[in-house]
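The values are calculated or read from the model by the stated rules, or taken from the named source; none is laboratory data. This structure is a prediction, so every number in the text was calculated from the model and none was measured. Cβ: placed from backbone, ideal geometry, glycine included. Neighbour counts: every protein chain shown. The protein model used for the area step is the full one, side chains on, heavy atoms only, and it has no ligands, DNA or RNA in it. Shrake-Rupley method; radii C 1.70, N 1.55, O 1.52, S 1.80 Å.
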Amino acid sequence: MQQMKPRHWLALSAAGFAAAIMATAVPAQSQERKSIRWSTSSVDSYGYKVAAAMTKIAEEALGGEYTVTVNPYPATTAAMKAAMDGNGEIGYTADVGMTQLYAGEGGFKNYTPGKGKLVHTWYAYPMESFMAVPADKAAQFKCLKDLSGKPTFFTPAGFMNWLNFQRMYKALGYDFKHVQIDPKTQSDALKGGTIAASVAYTTSGASLAPYWKETEVRMDVTIVNPCPDEIEKLKAAGLSITDVSPKVFAKDVGVQNIQGVPILFAYNMRADMPEDVVYRLLSAFYKNRDALAKQDAGFTPLAKDFVGMQVAGINANPDIPVHAGLAKFLKEHNAWNDKWKIAASGS
């Protein structure tokens, strides 16, 4: 056998080494992590807090194939539009927001999504909206009607609790006079009379909104519950009343029981998100439901009935399509209703 010359051998070795490098480089590029942008409301909101806490679970559920980032927006409506216009993959929303989206009302009037509408994907927790006034002026406000036409901060414009009180006031026939302020200045606005009242909200009847915790440190407030005739009108309009313990506040708020109007919050996606991705995410959230509830009391209803909450979210707007990944999950848990429509990936 002819012996190979050293120079020839070195050339072949270099070529082989280069080929090895090329072989390892191609898979590295093909394994580049995809991005899931999770659009939420502002950083001082519960919606942002939840999304930030879920990123690790989401990334692990997807086997490291995706990088999940949380992108805050000034309001929930803006977060929804970001996802629908292609600037995000998950959009923070609620049942009332989905209703307005598909009806083309409110912030969605004359709106055409750049990529596609959100569809039912994952319902995470209920929230309860209610009204608060400065304690030293509480004698002026016995019912919600006493606040009709009064300058009020109904949470930031575009928030789902803001939409919730819009539909409440519409049902009651009251004048919705919203004054936009920075939530961090809420106590100053209430003390100074810039606003007469402000809407507060809890998650699952347990967790008070972060900026409200700051407000109650700085001042005393009293809750204004709807009067009996107002409750009847709200129920007649298809809304329900949920009891919330006043112990969510650190101080006395003047009532033995808070009566809030609930909404169901979601992190929904477009139909073009792969079915398997959504199914894997839902399965991971379901698996971790008890751990989530221990981490945050707002997840308690989800832990108690994860599947039932998805069903309730769809039933709030049964004509809106259901993501194929959620449909697969519900069928697996014998909770699928054949009357519902599965969203087509191109819709």
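Computed quantities for the displayed model
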| item | result |
| --- | --- |
| Candidate set: the range 307-324, residues that are of a type in the set (V, I, T) and in contact (Cβ under 8 Å) with a residue 40 or more places away in the chain; chosen: the one farthest from G97 (Cα to Cα) | V322 |
| Any pair with Cβ under 6 angstrom, 6 or more apart, that starts in the range 60-84 at a residue that is within 28 Å of G106 (Cβ to Cβ) and without any contact (Cβ under 8 Å) to a residue 24 or more places away in the chain and ends at one that is open to solvent by 30 Å² or more (accessible area, probe 1.4 Å) and assigned to a helix (DSSP H, G or I) | none |
| Residues being among the charged types (D, E, K, R), buried (at least 16 other Cβ atoms within 10 Å of the Cβ) and not in a loop (DSSP other than H, G, I, E, B) - total across the range 110-138 | 1 |
| Hits in the range 139-152 (condition: closer than 13 Å to G193 by Cα and open to solvent by less than 20 Å² (accessible area, probe 1.4 Å)) | T152 |
| Residue match in the range 195-209 (condition: free of Cβ contacts under 8 Å to residues at least 12 places away in the same chain and open to solvent by 20 Å² or more (accessible area, probe 1.4 Å)) | no |
| Checking K213 against (1) at pLDDT 95 or above; (2) more than 30 Å from H120 (Cβ to Cβ), the condition it does not meet | (1) |
| Among the candidates A291, A327, A344, residue that is without any contact (Cβ under 8 Å) to a residue 24 or more places away in the chain and surrounded by fewer than 14 Cβ atoms within 10 Å (Cβ to Cβ) | A291 |
| Qualifying residue in the range 262-283 (condition: buried (at least 22 other Cβ atoms within 10 Å of the Cβ) and charged (D, E, K, R)) | yes |
| Any hit, the range 58-74, residues being within 20 Å of G313 (Cβ to Cβ), touching a strand residue (DSSP E or B) at 6+ places or on another chain (Cβ under 9 Å) and not polar (S, T, N, Q) | yes |
| Subset tally (residues that are of a type outside the set (D, E), open to solvent by 20 Å² or more (accessible area, probe 1.4 Å) and either under 21 Å from T55 (Cβ atoms) or under 15 Å from the mean Cα position of the chain (by Cα) (or both)) for the range 87-109 | 2 |
